[in-house]
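Heads up, the thing below is written out as structure tokens.
The values are calculated or read from the model by the stated rules, or taken from the named source; none is laboratory data. All values derive from a computational prediction rather than experimental measurement. No Cβ is skipped: glycine too gets one built from the backbone with ideal geometry, and neighbour counts run over all protein chains shown.
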């Protein structure tokens with residue numbers, strides 16, 4: 001799966017394996033591949049977590065590294 005739906009509807013470019021910061025919680029994570037049943041969410045594996053968390057694309061901002 002890809003993030004084409006998010007790119008098309010919101011104009012936000014989502015790239016797997018890029019680092020992001022969740023602007024609400026200030027947590028840093030890595031974008032993971034999209035899930036088929038959650039096309040409007042970005043799947044993020046936050047530092048220290050073992051499970052991916054679905055996030056709204058508007059709540060994420062790109063970071064260079066962590």
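Numbers at a glance
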read-out	value
Subset tally (residues that are under 13 Å from residue 6 (Cα atoms), touching a residue at least 40 places away in the same chain (Cβ under 8 Å) and outside any strand (DSSP E or B)) for segment 54-66	2
Residues being touching a helix residue (DSSP H, G or I) at 6+ places or on another chain (Cβ under 8 Å) and buried (at least 18 other Cβ atoms within 10 Å of the Cβ) - total across segment 54-66	1
Of all residues making up segment 4-13, the number that are surrounded by 12 or more Cβ atoms within 10 Å (Cβ to Cβ) and part of a helix (DSSP H, G or I)	4
Test for residue 16: is it at pLDDT 90 or above, surrounded by 11 or more Cβ atoms within 10 Å (Cβ to Cβ), part of a strand (DSSP E or B) and out of contact with any helix residue (DSSP H, G or I) (no Cβ under 8 Å at 6 or more places or on another chain)	no
Residues being surrounded by 14 or more Cβ atoms within 10 Å (Cβ to Cβ) and part of a loop (DSSP other than H, G, I, E, B) - total across segment 19-53	6
